[in-house]
Amino acid sequence: MSTSWGAAVGTGLAGLLLAGAGAGAQTTRDTTAAGVADSAAARRLPTVRVQVTRESSRSPLELPFAVTSVRPDSARPGQRHLSLDEQLQLLPGVTVANRSNPSQDPRISIRGFGSRSAFGVRGVRVLRDGMPLTLPDGQTPVDYMDLESVGRIEVIRGAASALYGNASGGVIDVRTVEPPAGRVAAQLRGVLQNTSNDDGGRDVRRFGRWSAVVGGRAAGERLRYQANVAHNDGEGYRDYARQRLTSGFGRAVVRTAGTDVALTALLLDMPLAENPGALTYPEMAGDRRRADPLSVARRARKEVTQGQVGLSASRPVRGGDVFALAYGGWRSLYNPLTFNVVDVGRSTAGASLRGSAVPVPLFGVTHRLSAGVDYQRQDDDRKNFNACNGRTAAPPAGCTVPVTSERGAVTLDQRELIQSVGPFVRDELRLGDRVSLSVGGRADVIKFRVEDHLVAGTNPDDSGDRTMRAFSPAVGVVTRLSLLHALYANVSSAFETPTTTELGNQENGDAGINRDLKPQYSTTYEIGMKGLVLNRVQYDIAGFVTPVRDELIQFTAASSRSYFRNAGRTRRRGFESAL
């Protein structure tokens with residue numbers, strides 16, 4: 001049994017930095033005869049607008065998808081802004097598992113996509129203000145995504161590869177809060193927490209987080225900016241779970257000649273994140289707060305520095321709009337584990353261009369066409385070393401007793417390159433005053449290449465390349481039953497390639513890239529209804545069936561090592577509801 005206490009302190013200048021777009025209501029007036037007759041039902045309308053569907057801001061009632069938009073601090077006040085699981089707790093169809101391990105990201109799953117990962121994000125696309133954080137091979141490190149300035153989160157709760165390509169079993173787009181109206185507004189926030197056992201406080205764990213936020217508007221609102229910096233320092237619930245990190249986020253938008261130009265930056269410096277490892281059931285029953293002894297002996301931990309910067313421009317053009325984005329990033333990971341030491345240097349780059357045209361009549365039907373193309377590149381310099389810490393006898397190659405360096409001989413030295421390109425097109429057809437039909441598709445090409453720099457003696461050459469292709473169609477229809485209610489249905493698809501690490505591990509010991517491991521493909525059949533009742537209660541109901549072909553699954557061989565293979569066919573069925 002434990003007791004805990006916490007405190008939060010905040011100060012604001014020129015207003016709180018908590019105002020953002022999201023769920024709300026507005027009053028409208030209609031002086032026409034029909035409007036007066038229906039005034040009781042038309043007084044209050046939802047003001048929720050979403051952009052995660054890669055179009056201009058649209059109402060969820062106009063979209064044939066299961067789309068959720070939430071303001072996290074409004075849904076669950078008092079959040080510490082530490083991890084993405086705090087922000088996603090109340091979303092239907094979304095499961096977040098957080099081990100509270102400082103060296104492991106929370107696992108996010110949407111309708112089963114992403115569940116194969118023991119921790120971290122696979123199979124789900126994550127973005128920050130429309131800028132991809134997901135890598136071209138489908139992995140998403142979210143430890144560097146600062147959450148202090150989050151205004152809302154938009155989620156597509158279903159297959160969306162027709163829009164975003166690889167690893168789009170669901171899409172999470174984290175949007176920055178709108179800056180306050182004044183020129184300068186600032187907020188300081190602190191969270192302090194002590195947790196102690198009930199044995200007189202002999203075992204006390206401390207945690208602290210301090211953050212500073214600044215934002216505002218200037219030059220006649222032609223400039224809008226929002227930025228923050230935060231520092232975490234403390235111990236986790238378990239032994240050997242200390243963490244120190246400093247994170248920062250900044251976004252500035254300048255309007256010039258009718259174009260919004262935005263600069264977005266995410267930065268992280270995490271010099272320490274200890275890994276307490278996993279416990280067996282008897283170990284946990286004896287002391288659930290203990291750490292795995294081998295993890296402590298080997299000093300398992302993670303050290304990360306990472307950043308990503310993006311420059312975007314958006315402009316309305318004759319009833320449509322054009323959006324362009326270019327971004328680049330880097331990541332340095334030093335990750336001692338119980339069995340080896342991993343050292344990865346990564347550079348990433350990407351670009352997107354998309355646009356939508358003004359609705360035009362054609363063959364008696366109004367069409368709204370949108371199209372675009374995405375490009376991503378990932379370049380990893382990966383090295384593995386024998387782990388020397390905790391060795392008392394018979395050390396592996398390159399290690400000494402006593403230990404003089406925690407890294408022994410190099411066991412892996414390779415360069416991993418992944419490139420992807422995906423053009424897409426979508427057409428929305430108005431079939432009347434109440435019904436619209438959406439048809440779209442995307443073609444993706446993802447190329448993996450490995451250059452092995454450690455080829456000597458009995459060590460085989462693991463160099464090789466492999467190209468994977470996929471076409472992802474989608475069709476959906478939405479019917480506006482009334483001003484505040486909509487019924488929709490869609491058939492959408494998703495695909496997910498193996499990651500580079502999964503392609504490199506082969507049970508039979510063969511060198512090179514695994515040629516037998518294939519991408520998984522899925523098709524989702526969904527029907528749902530959403531709307532607003534009693535002028536204040538928002539509802540969302542959806543049912544779906546998702547057959548999956550060649551699902552990627554993990555298995556453990558006789559050697560106790562983990563590998564991946566494809567299942568034949570699996571099926572997911574679900575029902576979601578939210579108020």
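The values are calculated or read from the model by the stated rules, or taken from the named source; none is laboratory data. This is a predicted model, so every value here is computed, not measured. Because the Cβ atoms are built from the backbone with ideal geometry, glycine has one as well, and the counts that use them run over all protein chains shown. Note: areas computed on protein heavy atoms with side chains; ligands, DNA, RNA excluded. Shrake-Rupley method; radii C 1.70, N 1.55, O 1.52, S 1.80 Å.
A few comments on the model shown:
- Those residues of the range 85-109 which are among the hydroxyl-bearing types (Ser, Thr, Tyr) and assigned to a strand (DSSP E or B), in sequence order: Thr95, Ser109
- Meets criteria (charged (D, E, K, R), open to solvent by 20 Å² or more (accessible area, probe 1.4 Å) and either at pLDDT 90 or above or out of contact with any Ser or Thr (no Cβ under 6 Å at 6 or more places or on another chain) (or both)) for Asp203: yes
- The residue of the range 119-143 that is nearest to Ser522 (Cα to Cα), among those that are in contact (Cβ under 8 Å) with a residue 24 or more places away in the chain and among the aliphatic types (A, V, I, L, M), is Val124.
- Selected residue [of a type in the set (Lys, Arg) and within 16 Å of Ser103 (Cα to Cα)] from Arg244, Arg251: Arg244
- Exclusive hit being small (Gly, Ala, Ser) and open to solvent by 50 Å² or more (accessible area, probe 1.4 Å), set Ala218, Ala262, Ala257, Ala227: Ala257
- Complete set of residues in the range 368-389 that are touching a Lys or Arg at 6+ places or on another chain (Cβ under 8 Å) and surrounded by 17 or more Cβ atoms within 10 Å (Cβ to Cβ): Arg368, Leu369, Ser370, Gly372, Gln378, Asp380, Arg382, Phe385, Asn386, Ala387, Cys388, Asn389
- Among residues of the range 313-335 that are over 21 Å from Gly130 (Cβ atoms), those with a beta-carbon under 6 Å from a residue that is open to solvent by less than 40 Å² (accessible area, probe 1.4 Å) at least six positions away or on a different chain give the pairs Ser332/Gly345; Leu333/Val304; Leu333/Val344; Asn335/Lys302; Asn335/Val342.
- Val229 fulfils the conditions (1) part of a strand (DSSP E or B); (2) modelled with pLDDT under 95 except for a single criterion, (2).
- Just so you know, in the range 390-415 the residues that are small (Gly, Ala, Ser) and more than 25 Å from Arg346 (Cα to Cα) include one that is most open to solvent (accessible area, probe 1.4 Å), and it is Ala394.
- Just so you know, in the range 452-469 the residues that are part of a loop (DSSP other than H, G, I, E, B) and touching a residue at least 40 places away in the same chain (Cβ under 8 Å) include one that is farthest from the chain's Cα centre (by Cα), and it is Pro460.
- Residue match in the range 549-569 (condition: within 24 Å of Glu62 (Cβ to Cβ), out of contact with any Phe, Trp or Tyr (no Cβ under 9 Å at 6 or more places or on another chain) and surrounded by 13 or more Cβ atoms within 10 Å (Cβ to Cβ)): no
- The criterion of at least 2 residues that are farther than 26 Å from Val304 by Cα and β-branched (Val, Ile, Thr) is met by the following strands (runs of 3 or more DSSP E) wholly inside the range 139-208: 150-156.
- Taking the range 110-131 as the range and being farther than 28 Å from Gly250 by Cα and either assigned to a loop (DSSP other than H, G, I, E, B) or open to solvent by 40 Å² or more (accessible area, probe 1.4 Å) (or both) as the test, the residues that pass are Arg111, Gly112, Gly114, Ser115, Arg116, Ser117, Ala118.
- Positions within the range 47-59 being more than 19 Å from Arg125 (Cα to Cα) and either touching a residue at least 24 places away in the same chain (Cβ under 8 Å) or open to solvent by 40 Å² or more (accessible area, probe 1.4 Å) (or both), in sequence order: Thr47, Val48, Arg49, Ser56, Ser57
- All conditions in (1) part of a loop (DSSP other than H, G, I, E, B); (2) in contact (Cβ under 8 Å) with a residue 40 or more places away in the chain hold for Val410, with the sole exception of (1).
- Residue satisfying condition, being more than 30 Å from Asp381 (Cβ to Cβ), under 26 Å from the mean Cα position of the chain (by Cα), among the basic types (Lys, Arg) and surrounded by 15 or more Cβ atoms within 10 Å (Cβ to Cβ), within set Arg430, Arg480, Arg442, Arg449: Arg442
- Residue match in the range 283-294 (condition: more than 21 Å from Thr195 (Cα to Cα), surrounded by fewer than 16 Cβ atoms within 10 Å (Cβ to Cβ) and touching a Lys or Arg at 6+ places or on another chain (Cβ under 8 Å)): yes
- Contact annotation: residue pairs with Cβ atoms under 6 Å, 6 or more positions apart or on different chains, pairing a residue in the range 527-554 that is outside any strand (DSSP E or B) with a partner that is surrounded by fewer than 20 Cβ atoms within 10 Å (Cβ to Cβ) and basic (Lys, Arg), are Asn535/Arg44; Asp550/Lys518.
- Pairs with Cβ under 8 Å, 6+ apart, first in the range 501-518 and within 16 Å of Thr411 (Cβ to Cβ), second in a helix (DSSP H, G or I): none
- Residue within the range 282-299 that is farther than 30 Å from Pro395 by Cα, basic (Lys, Arg) and at pLDDT 90 or above present: no
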